[in-house]
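This report concerns only the one structure given below.
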Amino acid sequence: MPQGLEYEQRGKVHRVHAAREVIVSAGAFNSPQLLMLSGIGPADHLKEIGITPVHDLPGIGSNLQEHLGIWITWCRKSPGKFHREMRLDRMMLNMIRAYLFATGPGTVVPGGLHAFVKTQSGLDVPNIEFMFHTVPPQTRLWLPIVRPAYQDAYAIRPTLLHPVSRGQVRLRSADARDPVSIMYNFFSAPEDLPLLREGFRKAREVGEQPAMEPYRDAEVSPGPKVKNDAEINAFIRRTALTAHHPVGTCRMGSDADAALDPRLRVQGMEGLRVVDASAMPDLVSAHINACVLMMAEKASDIIRSDA
Ligand SMILES: Cc1cc2nc3c(=O)[nH]c(=O)nc-3n(C[C@H](O)[C@H](O)[C@H](O)COP(=O)(O)OP(=O)(O)OC[C@H]3O[C@@H](n4cnc5c(N)ncnc54)[C@H](O)[C@@H]3O)c2cc1C
């Protein structure tokens, strides 16, 4: 079967053909989109959208997973070092220094400290991550008289590393320019909410340690009034945020339901592979970018050896 793709540039549709194979690397939302637009995916869904199925593959677009967490934020007793640097004139100089010499506060991410936690000792891998943020979400430039300084704070962000809930990516229409529909189904698995609540309690315990006393003022979010399970659940449901780590929507595996085989080839198709975060069968106990890079390295070996 000849492989290729169709793309639009400046309003004109072009077609190109591949001598060997097509490798889709459009990410966890758009790789399943491209495949489904091409008629490869859950046949029932494709028919609903008005696309004639070429190959019924229910695994395309399913198994969506994400790292989901919440912020617990404490005011600082006195502003931290980064707060001082966020004054407009200082940050302008910091940015010039960063661009010219790659040094100074303009090159620093105010955070970057992570803890990977096992909530029970027998677990094989950590199930909760704490991301430490040394600045609050409302951090912004300030300048005396013109714009008041923000209240400085720090936060711990407990995050589910291996949620059991699974979501899906689906087409809204057969038009490639239409964004896909993304349904995470967070907390659809009953174990996810209690585990994140446990992560919340442990993170709060860490934040309240005596070692933090010199820096810590009041807990501003959610605040000390949020204590029992129902209150914490409500806070989680209201404020949970993803870590921008979507994976799994073209899951590789050796089973018949997998979208890809272990060599990243789309099951049942010839000359078609997917190489990106969508191929990961499960989330890792880490941020995922390094895994995507390693998968791409491995894929280049596989592709060369298969050729
Ligand atoms: C704000 C943010 C912060 C992040 N921070 C971190 C971090 O600190 N550490 C970490 O490990 N990970 C981080 N990640 C996650 C990491 O960036 C992604 O997991 C990783 O980039 C996924 O790689 P990918 O190749 O699967 O997809 P992508 O990097 O998204 O690449 C897909 C590419 O395909 C292109 N594309 C999509 N559709 C089409 C189409 N129809 N036609 C042509 N091109 C198309 C896109 O423009 C994009 O360039 C972050 C993500 C975000 C959004």
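FYI, it's all coordinate maths here, none of it is from the lab. Keep in mind that what you see is a predicted model, and the values were worked out from it rather than measured. Cβ placement follows ideal geometry from the backbone for every residue including glycine, while neighbour counts extend to all protein chains displayed.
In terms of packing, defined here as the mean over residues of other Cβ atoms within 10 angstrom, the peptides 258-269, 106-117 line up highest first as 258-269, 106-117.
When the Cα positions of A279, A258, H245 are compared along the charge dipole of the stretch 199-300, H245 comes out farthest toward the positive end, with charges on each C-beta of Lys, Arg, Asp and Glu. The angle between the Cα long axis of helix 192-207 and the main principal axis of the chain comes to about 30°, on a 0 to 90 degree scale. Computed on the stretch 9-104, the Cα convex hull volume stands at 280 Å³ per residue.
Normalising by residue count, the stretch 190-291 has a Cα convex hull of 147 Å³ per residue. In the chain, a dipole from Cβ-located charges (positive for Lys and Arg, negative for Asp and Glu) runs towards its positive end, and of V54, A189, Y99 it is Y99 whose Cα lies farthest in that direction.
Which of the aspartates and glutamates could be linked to K298 by a straight reach, that is with a Cα gap under 15 Å, when you skip same-chain ones fewer than 8 residues away? Straight-line reach from K298, under 15 Å: D261, D276, D306. Can you compute log10 of I(q)/I(0) for the stretch 144-243 with the Debye formula, treating each Cα as one identical point scatterer, at q = 0.14, 0.21, 0.22 Å⁻¹? The calculated log intensity ratios at q = 0.14, 0.21, 0.22 Å⁻¹ are -0.72, -1.11, -1.17. Take every pair of alpha-carbon atoms less than 8 Å apart whose residues are at least six positions apart; their mean separation over the length of the stretch 1-120 yields a relative contact order of 11 percent. Of all the C-alpha pairs in the stretch 242-281, what % are more than 14 Å from each other? Percent of Cα pairs beyond 14 Å in the stretch 242-281: 38. Return the percentage of antiparallel bridges among DSSP beta bridges fully within the chain, rounded to the nearest 5 %. Around 85 percent antiparallel, to the nearest 5. P(r) tail, the stretch 105-162: Cα-Cα pairs separated by more than 14 Å, 65% of all pairs. Over the chain, the reciprocal of the mean inverse Cα-Cα separation, the Kirkwood hydrodynamic radius, stands at 22.3 Å.
Charging the Cβ of each Asp and Glu at -1 and of each Lys and Arg at +1, and nothing else, the dipole of the stretch 152-212 about its Cα centre rounds to 160 debye. Once you reduce the stretch 180-255 and the stretch 1-68 to the center of their Cα atoms, the two points are 33 Å from each other. When only the Cβ of Lys, Arg, Asp and Glu is charged (+1, +1, -1, -1), the dipole of the chain relative to its Cα centre reaches about 1240 debye.
Ranking G268, I302, S173 by how far each Cα lies toward the positive end of the dipole of the stretch 167-307 (charges on Cβ) leaves S173 at the top. From most to least packed by mean Cβ count within 10 Å, the peptides 201-207, 289-295, 223-229 give 201-207, 289-295, 223-229. Placing +1 on the Cβ of every Lys and Arg and -1 on the Cβ of every Asp and Glu, with nothing else charged, gives the stretch 71-177 a dipole about its Cα centre of roughly 260 debye.
Its residue count N fixes a reference of 2.2 N^0.38 Å for the stretch 97-197, and the Cα radius of gyration divided by that reference is 1.59.
The calculated 222 nm mean residue ellipticity attributable to helices in the chain amounts to -8000 deg cm²/dmol, summing -39500 (n - 2.57) over DSSP H runs of n ≥ 4 and dividing by all residues.
Hydrodynamic analysis of the stretch 14-66 uses the Kirkwood radius over alpha carbon pairs. Inserted into Stokes-Einstein at 10 °C and 1.306 mPa s, it gives a translational diffusion coefficient of 133 µm²/s.
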